[in-house]
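Novice: Below is the structure I would like to discuss, written out as structure tokens.
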Amino acid sequence: MNAVVSNDVADAPLDAAIRAELARLAEGLRPAQLYRAAAWLAARAEQPTQVVAHASVEHLTVIYGSQTGNAKRAAEHLVRVAEAAGLRVRLVRADAYPTRELARERFVAVVISTQGDGDPPDDAKGFVEFLTSRRASRLPDLHFSVLALGDSSYPLYCAVGRTIDARLAELGATRFAPLAEADVDVETNASPWRTTAIEGVRPLFRSANVVAIAPVRPVTSPHDRDRPFEAAVLLNQPIVAEGHARDIRHVELSLEGSGIVYEPGDALGVWPRQSTALVAQVLLATSLDGDTSVERDGLTLPLSTWLETHRELTRLSRPFVAALAERSTDEALRRALEPSGNATLREWLETLQPIDLLRRHPVAWTADALVVALRPLVPRLYSIASSHAEVGDEVHLTVSVVDYRTEGEARHGVASAHLATAEEGGTLRVFVERNERFRLPVDPSRDIVMIGPGTGVAPFRAFIQARRAQGGTGRNWLFFGNRHAREDFLYQTEWQAALKDGSLHRLDLAFSRDRGGKVYVQQRLRENAAELHGWLAGGAHLYVCGDAKAMAADVHAALIDAIATHGAKSHDEASAWLDELLREGRYARDVY
């Protein structure tokens, strides 16, 4: 039978025979074991690779690379649209795609994000390296299209997608739809790209009228990004010493009645609201009336509501700079948008907010034009700091309030400030963003090494809770760092209790502002390099969570040095060995 085998055939109810079999298998299992079994089955159902049963059957291969889930979601949407158009489709995560198959493909769509300074997501590094290397063969029979995702608040916006699009064309492939670039409001450009892509590829199939196939459907939840759950705030308390320079909080939310299920490693999406003070400042700077009605995206709302709940006011973007430059006579704005102005633009994007440029360059705005110029407000993702196995229908977060000074004013990040001021008894709009690459080993006898400075420790609190419930024999080693041992040793009593009850086997600490010189987690890694290499060589899984700009790179370098020194490898060999762990899923990073 020439058909596509799907992960999730249908949303059919369980019949009596299946229920009876499940009851038999579940007999005698503890609640924590039942949860783990359900989570394991859900994870198996979500494996992204679709298998084509017969190699000669024409199909569209959709390859995605995603760090935070946006590209994965966009790829799944393309699959649903393609299936509705009668096309056979397979969906493949980039690290699961056999690159040798590329030379035999006829139709490929690539959906890929760009991270930080033009880097591919972790699950696409191998795919991008292969495609840009000499090993990639000519592709004269391939028809392709690329959807590039990015964030225009970074200078190298959509760089990875642009590279793949250019490279495929260089190898002789033909576009069935032009490259599309999507900002953080992904659907604005992803939707027309899907339409163009399907219109472009469908006529190329030799037999477009195909038999019915089982559709690709991701594991779904009653609540998602577009249908968030109003979660009650159970607890919101600081977890740093009183008077500390930074505000770091532990937040507990109720998921009771939501039907939401999450696993350790997943993230919680939070839809924030802009502060009323910042909204007032924008209205003052633009001389606009907040009661002015604006119709956009099918909504008619007062301008003040658009600014508070639908538009980004804390992150500057290139499109906003461009919109301001069109209305202003100031040459500085136009120069910043030219290639020679990249350094200036980078500085602005990293240090300024829209309000700063609005004040520097006062021009005439209409309410409609301002709403169009500002990026849509998007949810922020926070690593979940709890396990269902221990907290039940709750979800916990570790939140550091983003606090910085711009133009002489104290400013806060929109979501962290929204969370920090959430009152107990109030609600927050939330949803779960699954992170299938940041998972505990299925085998609880495997050792794990966790590296999480600052609030990067959050998912490892969930890991320890889950491993405690598993009752496995695997050892757990945590590296944690922060500024001061007495002031911001996050969850100190919990880690001490975990060491005492045996659910945490080793804890190495690094505090950078205490007496005796600055110490960071990468230094602790180097000090314990021999034992660390022994754990990894013995099959341990390795996890890193936290700051992507400095910490993640420094930790990666320390890991390579440890492997080279104690594994008798060259630097390049050690780097390749670590990359192999990444491809195997034994080295996972949740960096931001």
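All of the numbers you see were taken from the coordinates with simple rules; none came from a lab. Since this is a predicted model, take the numbers as computed values, not measurements. Every residue, glycine among them, receives a Cβ derived from its backbone with ideal geometry; neighbour counts consider all protein chains shown.
Novice: State the percent of C-alpha pairs, over all pairs in the chain, separated by a distance greater than 39 angstrom.
Specialist: Value for the chain (Cα pairs over 39 Å): 33 percent.
Novice: Sticking with this one: Tell me the net charge near G502. Cut-off is 10 Å between Cβ atoms, G502 excluded, with +1 for each Lys or Arg and -1 for each Asp or Glu.
Specialist: +2
Novice: Also, quick follow-up: So for the range 448-591, averaging the separation of alpha carbon pairs under 8 Å that are six or more residues apart and normalising by length, what relative contact order in percent results?
Specialist: Contact order relative to length: 25 percent.
Novice: Applying a 10 Å radius around every beta-carbon, put 412-418, 540-546, 509-515 in order of their mean neighbour count, most first.
Specialist: 540-546, 412-418, 509-515
Novice: Expected output is a single nm value to one decimal: the length gained when fully extending between A241 and A364, i.e. 0.36 nm times separation in residues minus the C-alpha distance. What is it?
Specialist: 39.6 nm
Novice: While we're on this one: Dipole size in debye (nearest 20) for the range 231-301 around its Cα centre, Lys and Arg Cβ +1, Asp and Glu Cβ -1?
Specialist: It comes to approximately 200 debye.
Novice: If you take every DSSP beta bridge fully contained in the chain, what fraction is antiparallel? Give it as a percent rounded to 5.
Specialist: About 50 percent, rounded to the nearest 5.
Novice: Let's test the formula: R0 of 51 Å, r as the Cβ-Cβ distance of R227 and F130. What FRET efficiency results, to the nearest 0.05?
Specialist: Taking R0 as 51 Å, the efficiency between R227 and F130 is 0.85.
Novice: Could you give each residue of the range 338-348 its phi-based ³J(HN,Hα) in whole Hz, using Karplus coefficients 6.51, -1.76, 1.60 with θ = phi - 60°, and x for Gly or Pro?
Specialist: Per-residue couplings from phi come out as 7, x, 5, x, 4, 5, 5, 4, 4, 4, 4 Hz.
Novice: Is there a quick way to get the dipole size of the range 448-591? I mean about its Cα centre, with the Cβ of Lys and Arg at +1 and of Asp and Glu at -1; what is the value in debye to the nearest 20?
Specialist: Roughly 420 debye, rounded to the nearest 20.
Novice: Still on this structure, please answer the following. What distance in nm lies between label points placed 7 Å from Cα along the C-beta direction at R296 and R334?
Specialist: 2.6 nm
Novice: Now for a separate question. Counting only C-alpha contacts under 8 Å and six or more residues apart, can you give the relative contact order of the chain as a whole percent?
Specialist: It rounds to 13 percent for the chain.
Novice: Let me ask something additional. Could you sort the peptides 354-361, 474-481 by per-residue average Cβ neighbour count (10 Å cutoff), highest mean leading?
Specialist: 474-481, 354-361
Novice: Let me ask something else. With Cβ to Cβ distances under 11 Å as the rule, what net charge do the other residues near A552 carry (K, R +1; D, E -1)?
Specialist: Value of the local net charge: -3.
Novice: Can you give the local net charge around A241? Use residues other than it whose beta-carbon is closer than 12 angstrom to its beta-carbon, Lys and Arg +1, Asp and Glu -1.
Specialist: Net local charge, A241 excluded: -1.
Novice: If all Cα-Cα distances of the range 276-373 are sorted into 5 Å bins from 0 onward, what percent lands in each bin, rounded to whole numbers?
Specialist: Per 5 Å bin, starting at zero, the Cα-Cα P(r) for the range 276-373 comes out as 2, 13, 25, 24, 18, 10, 6, 2, 0 percent.
Novice: Let me ask something else about it. Give me the percent relative contact order of the range 276-373, please, defined on Cα pairs under 8 angstrom at least 6 residues apart.
Specialist: For the range 276-373, the relative contact order is 36 percent.
Novice: Another one. I'd like to know which of V395, T366, A462 lies farthest towards the positive end of the charge dipole of the range 362-485, counting +1 on Cβ of Lys and Arg and -1 on Cβ of Asp and Glu.
Specialist: A462
Novice: Now a separate question. Taking the dipole about the Cα centre of the range 138-187, with the C-beta of Lys and Arg at +1 and of Asp and Glu at -1, give me whichever of V160, A173, V146 is farthest to the positive side.
Specialist: A173
Novice: Further question: Between L235 and residues 5 or more places away or on another chain, which pairs have amide H atoms under 5 Å apart, with H built 1.01 Å from N, and which residues are they?
Specialist: Placed amide hydrogens put E252 under 5 Å from L235.
Novice: Return the sequence-ordered ³J(HN,Hα) values of the range 192-203 in whole Hz as given by the Karplus equation 6.51 cos²θ - 1.76 cosθ + 1.60 applied to θ = phi - 60°, using x for Gly and Pro.
Specialist: x, 5, 4, 4, 5, 5, 5, 5, x, 8, 4, x
Novice: Under 5 Å between amide hydrogens, which residues at least 5 positions from R249 or on another chain qualify, with H placed 1.01 Å from N in the peptide plane?
Specialist: I239, V399, S400, V401
Novice: For E394, what residues show an amide H to amide H distance below 5 Å, using hydrogens built from the backbone and excluding near sequence neighbours?
Specialist: L255
Novice: Hey, if you put +1 on the Cβ of every Lys and Arg and -1 on every Asp and Glu Cβ in the chain, which of T344, G413, V79 ends up farthest toward the positive end of that dipole?
Specialist: My answer, from the dipole projection, is V79.
Novice: In the P(r) worked out for the range 436-592, what percent of Cα pairs fall beyond 22 Å?
Specialist: Distances greater than 22 Å cover 38 percent of the Cα pairs.
Novice: Using θ = phi - 60° and the Karplus relation 6.51 cos²θ - 1.76 cosθ + 1.60, list the HN-Hα couplings for the range 314-322 in order, rounded to whole Hz, with x at every Gly or Pro.
Specialist: 9, 10, 7, 10, 4, x, 5, 4, 5
Novice: Oh, and also: Placing +1 at every Lys and Arg Cβ and -1 at every Asp and Glu Cβ, with all other atoms neutral, what dipole size does the chain have around its Cα centre, in debye to the nearest 20?
Specialist: That gives a dipole near 1220 debye.
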